[in-house]
Every structure is written in structure tokens, then in C-alpha cells.
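Step one of this worksheet: look at the structure below.
The values are calculated or read from the model by the stated rules, or taken from the named source; none is laboratory data. Since the structure is predicted, the reported quantities are computational estimates derived from the model, not experimental observations. Using ideal geometry, Cβ is built from the backbone for each residue, glycine included, and neighbour counts are taken over all protein chains shown.
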Amino acid sequence: MVDNSYPILIGRDLFRSIAADLAKKPLGRNYAVITDSNVISLHGEKLLSELCLQGIDACALYFTAGESSKTPGVWLSLTAEMLRLGYARDSAIIALGGGVAGDLAGFVASSYMRGIPWIQIPTTLLAMADASIGGKVGIDLPAGKNLLGAFWQPKAVYADLACLKTLPHAHMLNGLAEVAKSALIKDTRLFSLLEKNGKSILKADNRVLVEAMKASLRVKGAVVEKDEFETLGLRKILNYGHTIGHALEALSGFQLLHGIAVALGMKAAARIAVEMNIMKYSEEVRQANLLSRLGFPGRVQAYLAKKINTPAGREKLFNYIFKDKKAQAGIVEMVLLSGIGRTESNGGRWTVPVDRLMIGQGLGAIVE
């Protein structure tokens, strides 16, 4: 049996330790540091300097920052550049950046020379709390997010909290959505921690943020360990809020931040659970109050609401929802809660069939 487990290290100013680790236990003869146009100047040069001091052969390949770069074209250009530079099967990749960098670099690692090793150095709260864990890598297609991808576990994840100092508030909030999701699906203690601390948890130096992030990682790690390749169904619970959230992202042209979209998707999912008599209304209110206290909007932005409230725009949104990987024959399988910290198991399927009418009810909670 293959053991795909790997260490997750959380600390501050880890770049020197990362370089020392790779010098002591190399993953490859040389390394491609894949990052984006923002992170290269913020953190990339410092990482390359530490690698150089350890005598490690590495160079940086970067792409234009943003979700719009998570495409087949960018994946192909990164692969072509690695070939031009002479990277081979004995090479390795270092993903440096947020979720987009992790997804892209991981997909390059999974497909280059039929798969080479890689490590993740997430630089955003979203990536630290969610995207860097679990081995899902991939790119977007015009039909939706992450429709082309693979399961390819990194050899290690280094969450350097010092990187969070460079993040604007919106991107800290972006990551907090996945922490809240972990609490909602499986951890009432984490939910209480978030309820108690509210917006103050967004301070990057706050010990409560670190505690919450560790708890969130434990939730995801436990789920992934039991169902690495989504063969048992349990891993689906990590998609709470994502079915409608992904559709909102796509409808916005990926201008809506992932975490904001997921928070809205969770609010819509809670309304659906109440309408289907799976969850009590009081629990929907608790979830809504927490998301509000953390700073998430309760409704979609005006420009997006305007789109959704037109027949063409709503139909486009439904098309995105029903093109989701979890949709079949006009029914979409959604993760719903039976209560705070309790995901509806539905006899071990971990999703519930939801029709168009019920999705419309859910949208009513987030669209004026």
C-alpha cells in the first residue's frame, strides 16, 4: 500500500529551514519554483536566495497573478519552459503562492514526465487552510473550475505565517471562509472559537488565528486521510458551499474571490437544508450570524445580482451549477448540514440530490 502522507509545518520565517531541509533530503537534482507575478517579488527572490546559499540549483518560473491564469495555455507554457530549461524526471517543483500557484504547479508536477515530486509553500490564508492540503491539483476550463486535474500529493507543505503580513484584508477574509467551512462541517469547538473571536481572528499575528488554522487543517487532514481519492464519498463534505459558490465565481468572470463565493454558497446551502427539512432554521441563523460576524457579505454584490435577476443571467448560473462535476440528469448532488458541525450523511453518500426549484430557494437567501 502506498503511503502518501506528508508533513505540514507551520511557523514563521521558514525559508531558511526549507532550503536546509531540501539540502539534507533532496527531492530532485534541481528545482523549478513556480509562482505568480506578485509573489515573485514579495517572496520568490528571498526563497531563491536561501536555496542558493544551500547550493541548491533552482530558478523561478512565473505567470500572471490571478485565477484567469489557471488555464491549459498557462499550464502548457510552464511545461514548455521547463523542457527548454532541461528539467527531467529527476527534477522537482516548488509551488510558491496562493491556491492558483498550488493548483497550477501541482498539475505541472503531476503531468511533467508522467509525474515528478513537489512541495507546497502557501503564502495566503486560503491556501494554508485549504488548497495546499489534500493533493487536488488542476486547471479551469471555459465550462467551469477545476475540470481538468489530478490527485498528486506534495512531499511536504510549509505554511510560513510571515507571508500573511503582505496580504490585504480581503484575501485574509478569502481564506477564513474555508476555516469557517471546516467548523461547519465537522468541528463544533472550532465553530465556537470563531463565534467568540469574530473579526479579530483576521489579525495575522493573532494566536487565535493560528489555533483556528490548525483546527481547520486537522479537519481536512482527517477527511483526506480516510478518502484520499474520493472513492468513499466522505471527501465530498469538503465541498460544502462550493457547488453554488463555484457557479457564482464563474458567472462573475472569476472576479468574485473564492472565499466570498463559498461563504455565499454556504448560506444558500443552509437555506436549502432548511427548506428540505434537513436542518433547523435556528441552525441556519447561527451559521448566517457567524459569517456576518466574520465580515462576509450576506448578499451577492449588486453587479452580480443584476445579472442573476435577468432570465439570461439566471439561466447561465443554473448552467454552471448543473455542469458541476457533481451534477447528473438535472439533479445536483449537494453537501448539506443537518446542524452546526454535522454534515448530512444520507446513508453514507454524504450528498443530497437537489433539484432546480430548491436551488432557487437557496439563491433567494443571497440574491435580492
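Checking Val274 against (1) in contact (Cβ under 8 Å) with a residue 24 or more places away in the chain; (2) over 20 Å from Asp130 (Cα atoms); (3) buried (at least 19 other Cβ atoms within 10 Å of the Cβ): exactly one of these is not met. Which one?
It fails just one condition, (1).
Taking the stretch 277-309 as the search range and keeping residues that are part of a helix (DSSP H, G or I) and of a type in the set (Val, Ile, Thr), which one is surrounded by the fewest Cβ atoms within 10 Å (Cβ to Cβ)? Spell out how you get there, then give the answer.
Kept after step one, since they are part of a helix (DSSP H, G or I), are these residues of the stretch 277-309: 281-294, 302-308.
Cutting the leftovers down to of a type in the set (Val, Ile, Thr) gives us 285, 308.
Details: Val285: 12, Ile308: 19.
Among them, the one singled out is Val285.
Considering only the stretch 159-176, state which residues are outside any helix (DSSP H, G or I), surrounded by fewer than 24 Cβ atoms within 10 Å (Cβ to Cβ) and touching a residue at least 40 places away in the same chain (Cβ under 8 Å). Spell out how you get there, then give the answer.
Step one: of the stretch 159-176, the residues outside any helix (DSSP H, G or I) are 159-160, 167-168.
If we keep only those that are surrounded by fewer than 24 Cβ atoms within 10 Å (Cβ to Cβ) as well, we get 160, 167-168.
Selection gives Asp160, Leu167.
Answer yes if at least one residue in the stretch 39-60 is in contact with a helix residue (DSSP H, G or I) (Cβ under 6 Å, 6 or more places away or on another chain), hydroxyl-bearing (Ser, Thr, Tyr) and either at negative phi or not assigned by TED's automatic domain parsing to the domain that holds Ala222 (or both), and no otherwise.
No: the stretch 39-60 contains no residue that is in contact with a helix residue (DSSP H, G or I) (Cβ under 6 Å, 6 or more places away or on another chain), hydroxyl-bearing (Ser, Thr, Tyr) and either at negative phi or not assigned by TED's automatic domain parsing to the domain that holds Ala222 (or both).
Among the residues of the stretch 130-158, which ones are in a loop (DSSP other than H, G, I, E, B) and at pLDDT below 90?
Ser132, Ile133, Gly134, Gly135, Pro142, Ala143
For the stretch 182-200, how many residues are surrounded by fewer than 21 Cβ atoms within 10 Å (Cβ to Cβ) and free of Cβ contacts under 8 Å to residues at least 60 places away in the same chain?
Summing the residues that are surrounded by fewer than 21 Cβ atoms within 10 Å (Cβ to Cβ) and free of Cβ contacts under 8 Å to residues at least 60 places away in the same chain in the stretch 182-200 gives 6.
If a residue must be under 17 Å from Gly221 (Cβ atoms), under 15 Å from the mean Cα position of the chain (by Cα) and of a type in the set (D, E, K, R), how many such residues does the stretch 119-158 contain?
Total meeting the criteria: 2.
Quick check: anything in the stretch 338-361 in a helix (DSSP H, G or I) and among the small types (Gly, Ala, Ser)?
yes
Kindly indicate whether Ala302 is closer than 15 Å to Ala247 by Cα and outside the structural domain of Leu147 (by TED's automatic domain parsing).
No: the conditions fail for Ala302.
Just one of the numbered conditions (1) within 26 Å of Asp227 (Cβ to Cβ); (2) surrounded by 16 or more Cβ atoms within 10 Å (Cβ to Cβ) is not true of Leu363; which one?
The number of the failed condition is (1).
Look at Val210 and say whether it is part of a helix (DSSP H, G or I), surrounded by fewer than 21 Cβ atoms within 10 Å (Cβ to Cβ) and at negative phi.
For Val210, the condition - part of a helix (DSSP H, G or I), surrounded by fewer than 21 Cβ atoms within 10 Å (Cβ to Cβ) and at negative phi - is met.
In the stretch 310-325, which residues are under 22 Å from the mean Cα position of the chain (by Cα) and surrounded by fewer than 19 Cβ atoms within 10 Å (Cβ to Cβ)?
Listed by number, the residues that qualify are Phe322, Lys323, Lys325.
Test Asp36 against the stated conditions and say whether it is in the same structural domain as Ala129 (by TED's automatic domain parsing) and closer than 25 Å to Phe151 by Cα.
When the stated conditions are applied, Asp36 passes them.
Is it the case, given these coordinates, that Lys267 is among the basic types (Lys, Arg), closer than 25 Å to Gly149 by Cβ and within 21 Å of the chain's Cα centre (by Cα)?
Taking the combined requirement at face value, the residue does not satisfy it.
Would you say Leu148 is over 23 Å from Phe229 (Cα atoms), in contact (Cβ under 8 Å) with a residue 24 or more places away in the chain and of a type outside the set (Val, Ile, Thr)?
Criteria not met by Leu148.
Search the stretch 213-264 for residues being among the polar types (S, T, N, Q) and in a helix (DSSP H, G or I), and hand back the single one that is surrounded by the fewest Cβ atoms within 10 Å (Cβ to Cβ).
Asn239
Report whether or not Ser200 is farther than 26 Å from Ile359 by Cα, out of contact with any helix residue (DSSP H, G or I) (no Cβ under 6 Å at 6 or more places or on another chain) and small (Gly, Ala, Ser).
Values: farther than 26 Å from Ile359 by Cα: yes; out of contact with any helix residue (DSSP H, G or I) (no Cβ under 6 Å at 6 or more places or on another chain): yes; small (Gly, Ala, Ser): yes.
Judged against the criteria, Ser200 is a match.
Of these, Gly362, Gly295, Gly347, Gly330, which one is among the small types (Gly, Ala, Ser), on the phi > 0 side of the Ramachandran plot and under 23 Å from the mean Cα position of the chain (by Cα)?
Only one candidate passes the filter, namely Gly295.
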